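Before any comments, here is the structure.
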Amino acid sequence: MLDPAGYGMVTITKAIIEGLRSGTNGIQFTTGGNLEIENCVIRNFANTGINIVPSTSSSVHAPLSVPTGNPSPVRSRLRGRGGKAAGEKSRGDDW
């Protein structure tokens, strides 16, 4: 778990996050202002590669990140909460 403690954006860069088919979600974003997932591979989770369900206004940006081998590559519930999500798909699953 990463908690910015009110200091700003959390950035995950150049990481391989492996679920081994037993982890529920690769990245679970539930609260905070901004999350940047840059040039990462999030793979082989039981449910979702990137699960975005914040309770407040938030933004998530995932340039060149690949959620692959997950039943649901990206799940987002930002609508109606003043949030936004952005990403660039370069390879892997369609998301």
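The values are calculated or read from the model by the stated rules, or taken from the named source; none is laboratory data. On a predicted model such as this, the values are computed, not experimentally measured, just so you know. When we count neighbours, we look across all protein chains shown, and the Cβ atoms used for this are built from the backbone with ideal geometry, even at glycine.
Of note:
- Test: residue in the stretch 8-17 that is in contact with a Ser or Thr (Cβ under 7 Å, 6 or more places away or on another chain), at pLDDT 75 or above and not in a loop (DSSP other than H, G, I, E, B): no
- Scan of the stretch 5-29 for residues that are surrounded by 12 or more Cβ atoms within 10 Å (Cβ to Cβ) and among the β-branched types (Val, Ile, Thr), ordered by number: 10, 11, 12, 17, 27
- Top-ranked residue in the stretch 45-75 [being hydroxyl-bearing (Ser, Thr, Tyr) and crowded, with 18+ Cβ neighbours inside 10 Å; ranked as modelled with the highest pLDDT]: 48
- Residues that are in a strand (DSSP E or B) and under 27 Å from residue 56 (Cα atoms), drawn from the stretch 18-33: 25, 26, 27, 28, 29
- For first residues located in the stretch 28-47 and more than 21 Å from residue 14 (Cα to Cα) and among the basic types (Lys, Arg), partners that are crowded, with 22+ Cβ neighbours inside 10 Å and modelled with pLDDT of 90 or more and lie 6+ apart or on another chain with Cβ distances below 8 Å do not occur.
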